[in-house]
Amino acid sequence: MVRSSEEIKQDFLNIVSLRRWHIIGEYVNSKTPIEMECEKGHRWFPTPNTIVNNSSNCLYCARKKRWPGDIQAEAERRGGTYVRYETGSGTRSYVFICHNNHEFSIDVTLFWRGEWCRKCKENENDA
Ligand SMILES: [Zn+2]
Ligand SMILES: [Zn+2]
């Protein structure tokens, strides 16, 4: 049974209200990405089709992606500021400025393991 686009849209709207998400963008059709906001305030761009067919969750809640706000909050907890995300050949890193004003980049995995500014660490070791 092939469902009409109207039925897919209805399913989509039902799922959205069940999950207490908000639709930020304009619904065009089931294949066009639409900006959504989950109940935690994360915003992402799924297509209605993936929500309906794969019952896919918010990318950030599903931990498929790190929400920039989480990175900033963690940086602030360590006394620094989040600057940007960088990808290179096989590397993924964040750039921060620490409370001593060092700008540094750090591997994403190392950051979440608790590593922080190397210059500060070196200075600590010298002292
Ligand atoms: Zn979310
Ligand atoms: Zn530092």
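Just a few scattered comments:
- About the Cα centre, charge dipole magnitude for region 68-126 (Lys/Arg +1, Asp/Glu -1 at Cβ), debye: 80
- 0 to 90° range, to nearest 10: angle between helix 68-77 axis and the chain longest Cα axis: 30
- Straight-line reach from Lys31: taking Cα to Cα under 17 Å and skipping same-chain neighbours fewer than 8 places apart, the aspartates and glutamates in range are Glu6, Glu7, Asp11.
- Packing rank of 41-49, 28-36, where each peptide gets the mean count of other beta carbons within 10 Å, highest leading: 41-49, 28-36
- Between Phe45 and Gln72, the contour length at 0.36 nm per residue exceeds the Cα-Cα span by 7.6 nm.
- Between 0 and 90 degrees, the angle of helix 5-18 with respect to the longest Cα principal axis of the chain falls at about 50 degrees.
- Across region 5-54, counting alpha-carbon atoms alone, Rg and Dmax equal 9.8, 29 Å.
- Against the rule of thumb 2.2 N^0.38 Å, how large the Cα Rg of the chain comes out: 1.44
- Set of aspartates and glutamates near Lys40 by C-alpha distance (under 12 Å), chain-local residues within fewer than 8 positions excluded: Asp70
Quick note: the coordinates plus some simple rules give every number you see, no bench work behind them. Because the structure is a prediction, the values reported are computed rather than measured. As a convention, Cβ positions derive from the backbone with ideal geometry for all residues, glycine included, and neighbour counts pool all protein chains shown.
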